[in-house]
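Chemist: Below are the structure tokens for one structure; questions will follow.
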Amino acid sequence: MQTLTIRQPDDWHLHLRDAATLAAVLPYTARVFARAVVMPNLRPPVTTVEQAHAYRDRIMAALPPGLAFEPLMTLYLTGATTPAQIDAAHASDYVHAVKLYPSRATTNSDAGVRSLAECRAVLARMERLDLPLLVHGELARADVDVFDRERLFLDEVLAPLQRDFPGLRIVLEHVTTRDAVQYVEEARGRVAATITAHHLLYNRNAMFLGADGAAGMRPHFYCLPVLKREGHRAALVAAATGGNARFFLGTDSAPHPRAEKESACGCAGCFTAPLALEMYAQAFEQAGALDRLEGFASNHGADFYGLPRNSGTITLRRQVPPALPPITAQGQEIAALPVHDAAWSVDAVTPVAGG
Ligand code: NCD
Ligand code: ZN
């Protein structure tokens, strides 16, 4: 197979940042994806519908002419979020979900929730109005090993949350473990999960190996939840390529200045937007499941969110993608995840107006 044409995909988990960085990174997503769920972890975070509206306007203003793209906005859940704000979000046609960041779990999460006990009225309103909750699923306690944070979150936070709010629609974002896959497969409630391209392609060795398997330390592969062992990666690939509609594409593309990735205390997040669909195609091809890429990338997410599937198409070609130029914002280079062996490149997009 030399070309693959699928329905135009959406990215159900994306960080676009703001200002110059937004302008620099947005074209890479909008070139391929018709819509994206835009994360609210700006500084300060996007906590109100008014802020989401203003952020949406800034995204649309940064969109290169000729590209059709719809940002699906989210609110950042805090202890101060009110049921009235949930009503306003539900009444708007651009806020599609609310994001739970456990306090200190990841980049820009210091305004996050310390205990879900402070959010019960808000969660009840979301359940009633059927507004999805997007979850960064890590138990970020100092005594919990970084590699165990997702697994412990499932039992200690997610299962009680689903028990208390059985009708709440939940997306467990960027799952990284066999445990999370199994949880989502077996859960009785309305839960789905996004999977990133880098978690499908790499295990935790990628952070600790240099060229040709020599010793090394690679901050560009540091993302939260952190890459896990090979067995977990294999479980993610099986979930993504297995056809189960509870799993769908979310890149978690998270741009950071190169100087902050390559630092004594580097930040978490992998900027994958420029080659994201190419990376997914590679992972699916390695699994012998290219025929399942369309469901994962273009159908399952829209169905879970209750949005129409896109009507445009996109064609991938078996061809090494051209080298990326350095991507800069205000003179600072943005660190892109080094992808050495991509075998597919995006050839053509045929969007359909209004699709
Ligand atoms: C994300 C970021 O940089 O905003 N970082 C990351 O490691 N994934 C935040 C997040 O999604 O956890
Ligand atoms: Zn993210």
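Chemist: What is the one condition in (1) more than 16 Å from ligand 2 (Cβ to nearest atom); (2) in a loop (DSSP other than H, G, I, E, B); (3) within 20 Å of H198 (Cα to Cα); (4) touching a residue at least 40 places away in the same chain (Cβ under 8 Å) that F284 does not satisfy?
Modeler: (2)
Chemist: Consider only pairs whose beta carbons are under 9 Å apart and that are at least six residues apart or on different chains; among these, list those whose first residue lies in region 136-163 and is on the phi < 0 side of the Ramachandran plot and free of Cβ contacts under 8 Å to residues at least 12 places away in the same chain and whose second residue is acidic (D, E) and within 16 Å of ligand 2 (Cβ to nearest atom).
Modeler: V144/E138
Chemist: Moving to a separate point now. Criterion first (surrounded by 15 or more Cβ atoms within 10 Å (Cβ to Cβ), modelled with pLDDT under 95, farther than 24 Å from A20 by Cβ and within 20 Å of the chain's Cα centre (by Cα)) does A97 satisfy it?
Modeler: Spelling it out, it is not the case that A97 is surrounded by 15 or more Cβ atoms within 10 Å (Cβ to Cβ), modelled with pLDDT under 95, farther than 24 Å from A20 by Cβ and within 20 Å of the chain's Cα centre (by Cα).
Chemist: Shifting gears a bit: Would you confirm whether any residue within region 74-86 is in contact with a Ser or Thr (Cβ under 7 Å, 6 or more places away or on another chain) and farther than 15 Å from P44 by Cα?
Modeler: Among the residues of region 74-86, at least one is in contact with a Ser or Thr (Cβ under 7 Å, 6 or more places away or on another chain) and farther than 15 Å from P44 by Cα, which makes the answer yes.
Chemist: Oh, and also: Could you please find all residues in region 186-218 being under 19 Å from the mean Cα position of the chain (by Cα), outside any strand (DSSP E or B) and away from ligand 2 (no atom under 16 Å from the Cβ)?
Modeler: Correct list: R190, L201, Y202, N203, R204.
Chemist: Which residues, counting only those in region 29-80, are within 16 Å of ligand 2 (Cβ to nearest atom) and out of contact with any strand residue (DSSP E or B) (no Cβ under 8 Å at 6 or more places or on another chain)?
Modeler: Residues satisfying the conditions are L42, R43.
Chemist: Answer with yes or no whether Y202 is in contact (Cβ under 8 Å) with a residue 24 or more places away in the chain and under 22 Å from A335 (Cβ atoms).
Modeler: It is true that Y202 is in contact (Cβ under 8 Å) with a residue 24 or more places away in the chain and under 22 Å from A335 (Cβ atoms).
The values are calculated or read from the model by the stated rules, or taken from the named source; none is laboratory data. What you see is a predicted model, and the numbers here were worked out from it, not measured in a lab. For neighbour counting, all protein chains shown are included, and Cβ atoms are generated from backbone atoms with ideal geometry for every residue, glycine included.
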